[in-house]
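For reference, the structure is listed below as structure tokens.
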Amino acid sequence: MSRILGLDVGTNSLGWAILDPFQKVFVDTGVVVFQQGIPEEKGREAECSPAAERRKFRAARRLKYRRRLRKYHTLKVLIENQMCPLTIPELQNWIRNGKFPIENREFIAWLSSTKEDNPYYFRAKAAERKLPPLELGRAFYHLAIRRGFRSSRKETSGSNEKELTSFKQEINRLTEILQRKQCTLGQYFYELFQKSEKIRKINRCGRKEHYEPEFDKICEVQNLPEPFVSEMRKAIFLQRPLRSQKYLAGHCSLEKKRVRCLIGHPLFERYRMLSFINSIRKNGVPLNERERQKAQAAFLVSKPSFEFEKLVRKLYPGYPKNEWSEWNYPPDKSIASSPVTNQLQKILGTEDLFAWHHEYIGRDNKPKSMDYQILFDALTFFDDDGMLKNFAIERAGLTVDQAEKFVKIRIPTGYANFSLYAIRKILPFLEAGHIQTRAVFLAKLPDVLGKDVFQKNGEKIIADMEQLEADWRMERESASESGERAAFLSLTERIKHYLEDEFHVTPDRFELLYRYNSRSDYQDHTRSGILPEVNLGMIYNPMVYRSLNVLRRLVNHLRKTGKINADTEIHVELARSVNDKNTRMAVANDQKKQENLRKQYKEAIEAEGFEATEERILRYVLWMEQNKHCLYTGKAIGLADLMSENDLVELEHTVPRSRGGDSSRENLTLCFTDYNRYTKKNGLPTACPNYDVKWKEYNSIRENIKVAGWEEKRENLRSRLEKLRSAARGNPQKRVEMLECRREFEYWCAKLAAFEITDEELRRKGFSRRQLADTGIIARHAVFLLKSVYGNTYSRNGRVTEWVRKAWGVQGIYERKDRCDHRHHAIDAMCIAALTEDFFQKISAAYRADEEKAMAYARYNSTLPDAYPWRSFPEDVFEKSEEILVTHFIRHNETKQAKKQVHLVTPYKTADGGLRRVVTAGGDTVRGQLHKESYFGRIRDPESGEKKSVLRKELNSQNFKTESALAAIVDPAIREAVSAQLRLRMSSGKSFKEAMDEGGFRMRSGDDVFQGPPIRKVRSFVRTAEPLKIRRHAYASEAEYKNYIYADTAKGGNFKAALFRAPRGKLCYCLQSLWNWANAHKRPDYVPPEKQPGVGEFLGFIAPGTMVLAYENTPDELKKLSRRELNKRLYKIIVIEKDIQRLSLRYHCEARAKSEVQEEMKKTLGVEEASTIFFQEPAKLLKITSGEFSNHLIFEGIDFVMSIDGEIRFLK
């Protein structure tokens, strides 16, 4: 081992440090900041990734296109039957070229609607009497535009009202109204129209339930010919089948080429059932064969889950409640049932679904056999109940009553981890009673050994493997108790040697066996020394891909530059927030909740006249958790004692740090100092004399915990979590709530576990060593990627990194981690690099060596110099961090062309005579939002006469945050009415926000009171210097500026700027937006910005994210500066202004939100952004004009280049 590389991988940052352990010096360190896979909106993670956002808009475009196609086919049929005053050429010109037939006044009149003649009137009358062709055509055209929501049998849930979505419930309610009134949908809507009631907002319509019956009624009353009815039905209601989404299912973690199976498949339900039954233990003993058979009956229910108590009642009907401790599961444990298997068995009248067969005659008049798999395939294939019912009767031989029950079966959505191929191999071993992990391992053994060999020696092999496992467990526990490092073989290695010795299984054949924990998908790349492309298998997570790709790029660069080599040891810590969307949302919600709680407690402390320090806030949090009592003595803790500095009360580690405990909130307790120092000392709560019984004047600790309500809280959370787990299986919206509950439950379990663990359990579990490795799935993938080249790669747990940061003097024990500077990632990386297992044990030993000294340090200094990797470690860390130049890695791929493989309908021959069936195609691509979603118009200001942009806004505090914002309302009368009503409400003591959100604004009536028309939305002026013209209106106006629909440039829409040097030496730029580039770059007269005439000498392009260096006198002075001095000169461009030649810059180390930095600068400098560059003490935010950046800045890509490791190379 020559060097150690420490890596701190986050969702949008990567800190790294290279340590020479022999010289005890950091060779190099740095930070890479990049755009995370999911952007942030208003300080929080966005609801969806950019890819999901693109899919949403793409789906909207396709929907719009299909509606246009439906209009075309409907109008074509109507024109051919003289039911529409339009010609085919006019129709084609409209649909294909976008030229609306505005000159055809008869068609415009046909489209128009009045109080008397409107589509609802025509639809209502068409169901009652004969109508003229044009009026009938207008009714059909209205049906085509609406046509309703198409329900799918896969999305409905039978007649259970609780399981229906609100949308479908509204459809059912509307159906009941129509049946009660004995009318069509059009007749009911016309009745509402005559009463001036809202129609579309309050009524949800179904295609099959409402529109198709109305269409049939109209055709019957009008006595229309069958060919016309068939064509019109096809034009209005035909919808192509949705493309199968099966290709999106991930691949099996055991059989990489196989697709995962549905969780509703009967085979998976059986696999899941047997896996759970085989894991049940009563007094440590598994169920016998008779009990296992009886337990299976508990799973055959219609509900998606049931509680463990019901399964026990199946085994022992009169089982006493006070003996639940015999079982390894609590009575309220939620268990997934087998609802699909249960329903199929009931309908088919069989007790064994997998043995059921049915013989029938196929369409080719040949006898065929059907099993449960074909029935399941039919349930997943058919969208229509009628077609599925016909299949059940004609092919499956079911009665009408059975078929009606069959079509009501709903298959749960979601996919299992394994494929059907793998499950079929695992099931025989589960049937034999093996636990799930062993069954998975044994599943492929018959294929590896040969079926004959396994059949002959199977019992002996399994018995030998069980003995190997027992020996391994015994040796592991013995090593754990002695505290020695385990030098024995792993269980996998033992089995590998056994199979090789006994049955000559080669290592490559052994690799074919299934393993429960996933293996690496990466080949060995040690020879090339370059990390391969990131491959996460079935994990689809943009944040993970982005993080690991940056990690790969950095490590490869360090290898190419010679900073690391093949012998380098790598320690990597992965961010816990690298997770799926629901988990990230749950974490964000929990963090927001904790932040609000801290804010509330901070205000409470300050209200009592105390300074709200971080330690005091933490004390207050624990004080409230403990019900304002000491859990060791049972005595009340007063607020004065809590806040005093006389050491009556202190924070202590429940599991002492010398025993492996950390400084997380779960392991901190607020207690009286005397008890902690003279009674508990360095022991565990279970070793205290009053743990179970009262001792001296102290109540028992267990009783104190019970009085504080911790156990009750844990059980309530456990029960709530089990219910939410059941609810989340059929309702994805409940998953976030379930994950939030799980986080809270795990917190309280950890709190109680710290009070319940004994010395023996602590030794057996290896509390400290277990924490050293981060075993999360993402950490495993990072380790797999790095191990493909660097064999000595180890993951590190974030909790342990936090612990050593404090123990090594890098961070105070009660001090919150400073995240306002990007360099904290490199500081973490330096600690990670130095965190070997030997140092970890050294820290624990330092605490054990001097108990009193350890407690004194924990109280005052929180560090242990005796445990430092070397004496000057904290000083060296901070010294090295001052040399860091933070690399900001920004992707600029806005104009990168997308390419994809296209399958040709007609293959063509290549020059060598082969057939080409697939070609690579590239279209016009713009990666990014062209303009903002809100469209607005242009009018003349009635007061000033200027042309201004206007937008319709809802009247609420979100759109109008202050009273002065009301000045933007266009109509003076509306503005005055709203302002007067607001003043009236605010005079009664309401805030502006409360008065605004109360709503109910009205215009003045004739008697000068506010009882006129309601005011819900208002036209408001918006500030847009140069709005984009999106498209022309269909109806032209005399004023040219009114003929367009406008929008504003999207965030990031101005994607680059061409930088020029004018003849007099001053710099200027020409900004380019995505919208202008997309519209103009293919025109023959297009002039790119870098070739604009008369601007000056073109230097290069700059963009948001470009790094700049500031010089005081000449650019050459920068070449002589050290990294520590360059650190004060490096900035990043964040905004290139459009209306004025001005750049906004951010200091490269600054990590806070812009608003926070502006607030701080306002207090210290009196301005939110500095307008001049400070060379000794850099300003965090700058906004400088052309004169300033012309004389003091050089730009990345033009004057220098910056590599991913922060090295700067100046260009000639």
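The values are calculated or read from the model by the stated rules, or taken from the named source; none is laboratory data. Only a predicted model underlies this, so the values are computations on that prediction, with no experimental measurement involved. Because the Cβ atoms are built from the backbone with ideal geometry, glycine has one as well, and the counts that use them run over all protein chains shown.
Annotations for the structure displayed:
- So D371, is it exposed (fewer than 15 other Cβ atoms within 10 Å of the Cβ), without any contact (Cβ under 8 Å) to a residue 12 or more places away in the chain and assigned by TED's automatic domain parsing to the domain that holds K405: no
- Counting only strands (runs of 3 or more DSSP E) that sit completely within the range 1003-1066, those holding 2 or more residues that are within 21 Å of R938 (Cα to Cα) correspond to 1017-1022, 1028-1032, 1044-1049.
- Sole residue being within 16 Å of V1135 (Cα to Cα) and surrounded by 15 or more Cβ atoms within 10 Å (Cβ to Cβ), chosen from A1078, A1058, A1047: A1058
- In the range 1085-1122, residue farthest from the chain's Cα centre (by Cα) [restricted to those that are assigned to a strand (DSSP E or B) and buried (at least 18 other Cβ atoms within 10 Å of the Cβ)]: A1110
- Scan of the range 277-308 for residues that are among the acidic types (D, E) and over 25 Å from G264 (Cβ atoms), ordered by number: E289, E291
- Verdict on K1017 being touching a residue at least 60 places away in the same chain (Cβ under 8 Å), of a type outside the set (G, A, S) and in contact with an Asp or Glu (Cβ under 7 Å, 6 or more places away or on another chain): yes
- Residues (within 48 Å of the chain's Cα centre (by Cα) and touching a residue at least 60 places away in the same chain (Cβ under 8 Å)) located in the range 79-110: F100, I102
- From the list M986, M996, the one residue that fits, being within 38 Å of the chain's Cα centre (by Cα) and over 30 Å from N1043 (Cβ atoms), is M996.
- Scan of the range 1136-1161 for residues that are over 22 Å from I890 (Cβ atoms) and among the acidic types (D, E), ordered by number: D1139, E1159, E1160
- Qualifying residue in the range 1153-1163 (condition: in contact (Cβ under 8 Å) with a residue 40 or more places away in the chain, surrounded by 15 or more Cβ atoms within 10 Å (Cβ to Cβ) and not in a helix (DSSP H, G or I)): no
- Scanning the range 975-991 for residues being surrounded by 15 or more Cβ atoms within 10 Å (Cβ to Cβ) and either not in a loop (DSSP other than H, G, I, E, B) or not assigned by TED's automatic domain parsing to the domain that holds R1019 (or both) gives a total of 7.
- Listed by position, the helices (runs of 4 or more DSSP H) enclosed by the range 624-734 that each have at least 2 residues that are within 30 Å of P412 (Cα to Cα) and either free of Cβ contacts under 8 Å to residues at least 12 places away in the same chain or not assigned by TED's automatic domain parsing to the domain that holds P331 (or both) are 710-730.
- A search for C-beta distances below 6 Å between a residue of the range 325-346 that is in contact (Cβ under 8 Å) with a residue 24 or more places away in the chain and over 30 Å from N283 (Cβ atoms) and any residue that is among the polar types (S, T, N, Q) and surrounded by fewer than 19 Cβ atoms within 10 Å (Cβ to Cβ), counting only pairs 6+ apart in sequence or on different chains, returns P339/S302.
Here's the yes/no breakdown for (1) part of a helix (DSSP H, G or I); (2) buried (at least 17 other Cβ atoms within 10 Å of the Cβ); (3) touching a residue at least 12 places away in the same chain (Cβ under 8 Å); (4) not small (G, A, S):
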position: M387; (1), (2), (3), (4): yes, no, no, yes
position: F391; (1), (2), (3), (4): yes, yes, yes, yes
position: I409; (1), (2), (3), (4): no, yes, yes, yes
position: F429; (1), (2), (3), (4): yes, yes, yes, yes
position: G433; (1), (2), (3), (4): no, no, yes, no
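- Residue that is farthest from the chain's Cα centre (by Cα), among those in the range 893-928 that are surrounded by fewer than 11 Cβ atoms within 10 Å (Cβ to Cβ) and among the basic types (K, R): K909
Condition check ((1) surrounded by fewer than 15 Cβ atoms within 10 Å (Cβ to Cβ); (2) over 23 Å from A750 (Cβ atoms); (3) in contact with a Gly (Cβ under 8 Å, 6 or more places away or on another chain); (4) β-branched (V, I, T)) across all residues:
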{"position": "D692", "(1), (2), (3), (4)": "yes, no, no, no"}
{"position": "Y698", "(1), (2), (3), (4)": "no, yes, yes, no"}
{"position": "N704", "(1), (2), (3), (4)": "no, no, yes, no"}
{"position": "A708", "(1), (2), (3), (4)": "no, no, no, no"}
{"position": "E711", "(1), (2), (3), (4)": "yes, no, no, no"}
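- Residue match in the range 1187-1198 (condition: in a strand (DSSP E or B), closer than 11 Å to L1109 by Cβ, within 38 Å of the chain's Cα centre (by Cα) and not polar (S, T, N, Q)): yes
Conditions tested, residue by residue: (1) in contact with a Leu (Cβ under 7 Å, 6 or more places away or on another chain); (2) surrounded by fewer than 16 Cβ atoms within 10 Å (Cβ to Cβ); (3) in the same structural domain as I335 (by TED's automatic domain parsing).
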position: A249; (1), (2), (3): no, no, no
position: I263; (1), (2), (3): no, no, yes
position: E269; (1), (2), (3): no, no, yes
position: R281; (1), (2), (3): no, yes, yes
position: L287; (1), (2), (3): no, no, yes
position: R292; (1), (2), (3): no, no, yes
position: S302; (1), (2), (3): no, yes, yes
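- Meets criteria (among the hydroxyl-bearing types (S, T, Y), under 36 Å from the mean Cα position of the chain (by Cα) and not assigned by TED's automatic domain parsing to the domain that holds L353) for T413: no
- Single residue of the range 115-130 satisfying the filter (among the basic types (K, R) and touching a residue at least 24 places away in the same chain (Cβ under 8 Å)) that is surrounded by the most Cβ atoms within 10 Å (Cβ to Cβ): R123
- When the range 270-288 is filtered for residues that are under 12 Å from L311 (Cβ atoms) and of a type in the set (A, V, I, L, M), the ones remaining, listed by number, are M273, I277, I280, L287.
- Neighbours by Cβ (under 8 Å, 6+ apart or cross-chain): first from the range 928-941, in contact (Cβ under 8 Å) with a residue 60 or more places away in the chain and among the hydroxyl-bearing types (S, T, Y); second surrounded by fewer than 17 Cβ atoms within 10 Å (Cβ to Cβ) and part of a strand (DSSP E or B): Y935/I1030; Y935/I1045
- With respect to (1) part of a strand (DSSP E or B); (2) surrounded by 20 or more Cβ atoms within 10 Å (Cβ to Cβ); (3) out of contact with any Pro (no Cβ under 8 Å at 6 or more places or on another chain), the lone exception for G1206 is condition (1).
- Some residue of the range 1023-1038 being surrounded by 12 or more Cβ atoms within 10 Å (Cβ to Cβ) and aromatic (F, W, Y): no
- Selection of the range 192-238 for residues being of a type in the set (D, E) and in contact (Cβ under 8 Å) with a residue 24 or more places away in the chain yields E209, E212, E214, E231.
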